[in-house]
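Notes to accompany the following structure.
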Amino acid sequence: MENATYNRPNTVAGLMEKRRELAALLKRVRAEEKKIVCDLDHIDAAIRLFDPTADTDRIVRHPTKHRAKKGEVVRLVVGMLKDADHPLTALDIVHAQVKARGLKADDATLVTMRKRIGACLTKLKNDGVVRVVPLPGLYQGWEMGR
């Protein structure tokens, strides 16, 4: 059977170019979405400055999905643990990720991110990539496996 690329090279080239265009557009739209969410948070804060009793939650919001791309959480966790000179807690990693991604650091976001980071750390521990280090108090530290 003949290779389809020999029969229709312009079609494949056109589709590849269209795919590149759409990927670039998606990247720009995601960056714009992040900026708009940040702008909404700033406007909500300004409203509360003028009227602390204002209920900005009653305003209809279109929630955005703060989903990490595949492997992004693992890369962040492993990168932070490699760069750290002492064991980090899951909460340290959560705060760094929230800051790095420009997310709103409210309770709901922190709980969600803590679950994701915790699941990531557990998987990395089971794979032998990281290990648990006991810390004083209720927290446990994490460091790269030796």
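Computed from the coordinates by the stated procedures, all read-outs in this text should not be read as laboratory data. The structure displayed is predicted, hence computed values, not measured ones. Cβ coordinates were reconstructed from backbone atoms using ideal geometry, including for glycine residues, and neighbour counts include every protein chain displayed.
Backbone phi angles across the range 128-134, fed through the Karplus curve with coefficients 6.51, -1.76 and 1.60 (θ = phi - 60°), yield HN-Hα couplings of x, 7, 10, 9, 8, 10, x Hz in residue order; Gly and Pro are listed as x.
Residue by residue, the range 34-43 carries 3J(HN,Hα) couplings of 4, 5, 5, 4, 5, 4, 4, 4, 5, 5 Hz when phi is fed to the Karplus relation 6.51 cos²θ - 1.76 cosθ + 1.60 (θ = phi - 60°); x denotes Gly or Pro. Projected label points at THR53 and LEU135, each 7 Å from Cα along the beta carbon direction, are separated by 4.2 nanometres. Annotation: amide H-H contacts under 5 Å for VAL129 (H modelled 1.01 Å from N, sequence separation of 5 or more, or interchain): none. For P(r) over Cα pairs in 5 Å bins from 0, in percent, several values are listed as (i) 2, 7, 13, 17, 18, 15, 12, 9, 5, 2, 0, 0; (ii) 2, 8, 13, 14, 12, 10, 10, 10, 8, 6, 4, 2, 1, 0, 0; (iii) 2, 7, 7, 9, 8, 8, 8, 7, 7, 7, 7, 6, 4, 3, 2, 2, 2, 1, 1, 1, 1, 0, 0, 0; flag the one computed from this structure. The listed entry that was calculated here is (ii).
Our estimate of slack between LYS18 and VAL111, defined as 0.36 nm per intervening residue step minus the Cα-Cα distance, is 29.5 nm. Per-residue ellipticity at 222 nm computed for the chain from its helices equals -21000 deg cm²/dmol, with DSSP H segments shorter than 4 residues left out and the rest contributing -39,500 (n - 2.57). Scalar couplings 3J(HN,Hα) for the range 89-96, obtained by applying the Karplus form with A = 6.51, B = -1.76, C = 1.60 to θ = phi - 60°, are 8, 4, 5, 4, 5, 4, 4, 5 Hz; x denotes Gly and Pro.
Applying 1/(1 + (r/R0)^6) with r as the Cβ-Cβ distance of GLU32 and LYS70 and R0 = 30 angstrom yields a FRET efficiency of 0.85. Close amide H partners of TRP142, meaning residues 5 or more places away or on another chain with modelled amide H under 5 Å apart, are LEU88, THR89, VAL133.
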